[in-house]
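Report on the structure given below.
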Amino acid sequence: SENIFRDTLRPVEQAKAFHRLMTAENWTAKELAARLGMSPAKVCQHLRLLDLPPVVQAQVDRGVIPATTAY
């Protein structure tokens, strides 16, 4: 899970990592947040990025659109 917190991990990459971990471990967002020491709201914010169209996800990862705006 330490790779989830790499400084170089882009926002959508982090969201995908959260999703993969939740799927692999059969965890809810709340359970993942507890395991990672994060707030459930923060985990849910990241996961919402996965609902964006791929073109918008790419813009978030390139920094064209701030992740905080995209949430």
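Each row is one residue, and each column tells you yes or no for (1) in contact (Cβ under 8 Å) with a residue 24 or more places away in the chain; (2) touching an Asp or Glu at 6+ places or on another chain (Cβ under 7 Å).
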| position | (1), (2) |
| --- | --- |
| 12 | yes, yes |
| 20 | no, no |
| 30 | no, no |
| 33 | no, no |
| 41 | no, no |
| 47 | yes, no |
| 57 | yes, no |
| 62 | no, no |
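Residues in region 18-42 that are modelled with pLDDT under 95 and under 9 Å from the mean Cα position of the chain (by Cα): 42 alone. Please go through region 22-55 and give me each residue that is more than 14 Å from residue 11 (Cβ to Cβ), open to solvent by less than 70 Å² (accessible area, probe 1.4 Å), in contact with a Leu (Cβ under 9 Å, 6 or more places away or on another chain) and assigned to a helix (DSSP H, G or I), ordered by number. Listed by number, the residues that qualify are 22, 29, 32, 36, 40. Within region 56-67, the set of residues being under 16 Å from residue 9 (Cβ atoms), open to solvent by 50 Å² or more (accessible area, probe 1.4 Å) and not in a loop (DSSP other than H, G, I, E, B) comprises just one member, 62.
Checking the stated criteria, residue 2 turns out not to satisfy the condition of being at pLDDT 95 or above, among the acidic types (Asp, Glu), over 11 Å from the mean Cα position of the chain (by Cα) and loosely packed, with under 14 Cβ neighbours inside 10 Å.
The values are calculated or read from the model by the stated rules, or taken from the named source; none is laboratory data. Nothing here was measured: the structure is a model prediction, and the numbers come from that model. Note that we place each Cβ from the backbone using ideal geometry, even for glycine, and neighbour counts take in every protein chain shown. The accessibility values were calculated without ligands, DNA or RNA, using every heavy atom of the protein model including side chains. Shrake-Rupley method; radii C 1.70, N 1.55, O 1.52, S 1.80 Å.
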